[in-house]
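Step one of this worksheet: look at the structure below.
Taken together, the values in this text are just the output of simple stated rules run on the coordinates, not laboratory data. A quick note: this is a predicted structure, and the numbers were derived from the prediction, not measured. Heads up, the Cβs are rebuilt from the backbone with ideal geometry, glycines too, and the neighbour counts pull from every protein chain shown.
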Amino acid sequence: MLNIFAKCLLVSTSLSPVLIAVAINQFERGEPCTSWIWWLVAAFVLVLLCWALLRYAGRKVQECLLFIKEFERKDQEVLTFLFIYLLPFLRSEQSIFATGWLTSGYILAIIILAIAYAGAFHFNPVMRILFRYRFYAIKNDHGISNLLISKTDLQQSGQKIKTVRLARNVHLHTGNTHA
């Protein structure tokens, strides 16, 4: 189990489109390359780290069987994410993100920690669109709610699947389904 590191990385990756929007905004306003290129680099590094984390977890973290009593798709909130997080940055003349990297970093860190501790991982557009993962709210055989991240489209409840635990109540589907 990777726990808090995995949580924060998953959340920070979901904010990488915001960093790209800031870079595009600064480019459009005629800012020098040295002021906006770092936003693009940071976004790319976050996406790369997320990919590496998922790959590492899928291969190196101990697998366990998870029984799915019931499930519900939760990745439909990607559009909400895009509107809520991106639009304020695209047309703001005096955007906080445009003025200073230290303030921007602090605000992003607060957002990441708040979302990570709230357990709201199911709106990651990078994982959904770029890596093709789906997010499911599932209940196990004990009735405990968990988040399942899977490339497989779940079709039925009442099955056991191979997963690795990324954090408490966050599982990554790694293998086949077992009846």
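What to note about this one:
- Those residues of the stretch 155-176 which are surrounded by 14 or more Cβ atoms within 10 Å (Cβ to Cβ) and under 10 Å from ILE68 (Cα atoms), in sequence order: GLN159, LYS160, ILE161
- Top-ranked residue in the stretch 126-141 [being among the charged types (D, E, K, R) and touching a strand residue (DSSP E or B) at 6+ places or on another chain (Cβ under 8 Å); ranked as nearest to LEU65 (Cα to Cα)]: ASP141
- Here GLY30 clears all of (1) under 24 Å from LEU148 (Cα atoms); (2) not in a helix (DSSP H, G or I) except the condition numbered (1).
- Top-ranked residue of the stretch 25-40 - restricted to ones that are surrounded by 16 or more Cβ atoms within 10 Å (Cβ to Cβ) and touching a residue at least 12 places away in the same chain (Cβ under 8 Å), ranked as nearest to LEU113 (Cα to Cα): TRP39
- Taking the criterion of being surrounded by 16 or more Cβ atoms within 10 Å (Cβ to Cβ) and more than 19 Å from ALA109 (Cβ to Cβ), the residues of the stretch 41-57 that qualify are LEU54, ALA57.
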